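Taking it in order: structure first as structure tokens, then the write-up.
Any read-out appearing in this document is the output of simple, stated calculations on the displayed coordinates, not a laboratory observation. What you see is a predicted model; the values in this text were computed from it and never measured. All Cβ positions, glycine included, derive from the backbone under ideal geometry; neighbour counts span all protein chains shown.
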Amino acid sequence: MRFRNHAGVPTSQPKPLAESMEIDVLVHRDRETHTYWAETPRLPGCFAVGRTRSELNASLEEAVALYLKDAQLPDLLVNDRIFSVDRYRWSPGGGLSAV
């Protein structure tokens, strides 16, 4: 398995979890309240909310830190990332189709 260090140089060792970790974050915006919420699929149950993106980012940073503090860290090393986010259109007559 090949990894990259903080400078992007290939190495045979993974980065220490405490040093750096990439986390996919899905950010949602409520149409009625115009507030934001985010979820992290790689960290089940870890989510954040905020009235602004700045507030959301601060809340997310706190949520991830608390999650990682209590998490089973070896389980997070599984490379189970989101491959893609696809958009589909659904209609009663046409069913589901990619946009």
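Across region 32-46, coupling constants 3J(HN,Hα) worked out from phi with the 6.51/-1.76/1.60 Karplus curve, θ = phi - 60°, read 7, 8, 6, 8, 10, 9, 9, 10, 10, x, 6, 10, x, x, 8 Hz, and Gly and Pro carry x. A Förster distance of 22 Å, applied to the separation of the beta-carbon atoms of residue 98 and residue 24, puts the FRET efficiency at 0.60.
Each Lys or Arg adds one and each Asp or Glu takes one away; over the other residues whose Cβ falls under 15 Å from the Cβ of residue 59, this sums to -2.
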